[in-house]
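Accompanying notes for the structure given below.
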Amino acid sequence: MTTDNIIRMDMGSVTGIKAHDSDKAILCLGIESSCDETSAAIVDSNRNILSHIIYSQIPEHQKYGGVVPELAARAHILAVDEVIRLTLEKANKTIQDIDVIAATAGPGLIGGVLVGWMAATGIANATNKPLVAVNHLEGHALVPRLCAASASDSTQNINVEFPYLLMLASGGHCQILLVHNVGKYELIGQTLDDSAGEAFDKIAKMLNLGYPGGPIVDKRAKDGNAKRFHFPRPLCDKPGCDFSFSGIKTAARMLLDKTNKDDIDETFINDFCASFQQAVVDCITNRLTNAMKDERVKKAAPKTMVVAGGVAKNSAIRAAMEELAKQSNMLFAAPPMSLCTDNGAMIAWAGLENYRTGNIVTEPVAPRPRWPLTEL
């Protein structure tokens, strides 16, 4: 572990809802280790993020073009103690000041999940503090309630109330969910094959753009012509709310195979990224449009459309969803960029939300590599 990989989050940039100090505020230490970031944060029940530390493993995985599970697990082991120490130090707190311990118990790469979960379990047992087993996806799903803003105005603080319509998109998941309450999620649609995030990463790899691919494709697309290449929009002519991204990825591979390497210049790459990204955006807006016509969604009448997960950092997806929400007379909300990818603050907040509903660990918990939100 090197200090170059430690990111000390600027709390002024991520606290989205104005909070008020209170002597009665509950403090939660959240630990996240499900993939390639070791992170911890201290969040209070008044929506203040007191400290937030992320140890990024990206340099360790870049040369492989993706996350290597065994390397990730070893890096978590080396980093977790120091990340927790720095989190407490940054907040000027001791472990005795913390009221609740929370950690990701799945889903994720099981080696990494075990590291964070065992650290949290050890702290809770040693201090006799309540422990919350957080579903990683629920962390993403609930973090907009900690702080969220619109895509067009990042300074516009939005208080996200239940129920809301959620587009949860990351490197491993792509789902449309009705979020009724803490622990109450109704699946409206999901990917039948690849996730949106995986598709972005694979396109970046095809073009030798580096890892992680999503932010790179988004940046290149801003300078590209989205109409130059045509990619399919799978399922967009079908009813329902499910996604499919494998066909777009296959079409991209076939187009590259047919293209003379000498023709793949900077303009080609920008146009390719823009055209691919537009196809993904069209699929997402098409499926969300269908979701809003779904009887379950109409009955729940959510007032807010939310995007969360790593793919929520994509500027084109955020803008398209905000426009769709506007057309549907709904608010649109997204977490700040720093809380879209895996982070300890979302785990601490989900821990607080669950703690307040009485959902704490009362018997041994076995971490899970797969843990659908609908099984909460």
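Below is a table of values for the structure above.
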| item | result |
| --- | --- |
| Region 232-310: relative contact order in percent, alpha carbon pairs under 8 Å with at least 6 residues between | 42 percent |
| Computed lengthening from residue 118 to residue 323, 0.36 nm per intervening residue step minus Cα-Cα distance | 69.5 nm |
| Overall Cα dimensions of region 31-105, principal axis frame, Å, largest first | 40, 20, 19 |
| The chain - charge dipole about Cα centre, Lys and Arg +1 at Cβ, Asp and Glu -1, debye rounded to 20 | 700 debye |
| Tilt relative to the chain, helix 136-146 - C-alpha long axis, 0 to 90 degrees, to 10 | 80 degrees |
| Residue 58 paired with residue 208, simple spin-label distance in nm, labels 7 Å along Cα-to-beta-carbon | 2.1 nm |
| Computed over the chain: relative contact order in percent, which uses C-alpha pairs under 8 Å that are six or more apart | 23 percent |
| Largest-first principal axis extents, alpha carbons of region 110-188, Å | 45, 26, 22 |
| Per residue accessible area in Å² of region 243-339, where ligands, DNA and RNA are left out and the probe is 1.4 Å | 43 Å² |
| Separation of alpha-carbon centers, region 70-137 and region 178-215, rounded to whole Å | 25 Å |
| Cα-based Rg of the chain normalised by 2.2 N^0.38 Å, two decimals | 0.97 |
| All-pairs Cα distance distribution in region 39-157, expressed in whole percent, bin size 5 Å | 2, 10, 17, 22, 20, 14, 10, 5, 1, 0 |
| Helix axis angle, 196-206 relative to the chain longest principal axis, alpha carbon, degrees | 60 degrees |
| Selected from 237, 282, 201 as most flexible by GNM, with the chain as the system and alpha-carbon contacts under 10 Å | 237 |
| Choice from 353, 82, 266 showing the highest fluctuation, given a GNM over the chain with Cα pairs closer than 10 Å | 266 |
| The chain: angle of helix 110-127 to the longest principal axis, Cα-based, in degrees nearest 10 | 20 degrees |
| Globularity ratio of region 240-359, using Cα Rg and 2.2 N^0.38 Å | 1.36 |
| Nearest-0.05 FRET efficiency for residue 237 and residue 298, computed from C-beta distance (R0 25 Å) | 0.65 |
| Over region 184-326, relative contact order from alpha-carbon pairs under 8 Å, at least 6 apart, % | 30 percent |
| Cα convex hull of region 96-247, projected area averaged across orientations, nm² | 12.6 nm² |
| DSSP-defined antiparallel bridges as percent of all bridges, region 162-321, nearest 5 | 70 percent |
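The values are calculated or read from the model by the stated rules, or taken from the named source; none is laboratory data. Since we're looking at a predicted model, the values are computed, not measured. All Cβ positions, glycine included, derive from the backbone under ideal geometry; neighbour counts span all protein chains shown. These area figures cover heavy atoms from the full protein model, side chains too; ligands, DNA and RNA do not enter into them. Shrake-Rupley method; radii C 1.70, N 1.55, O 1.52, S 1.80 Å.
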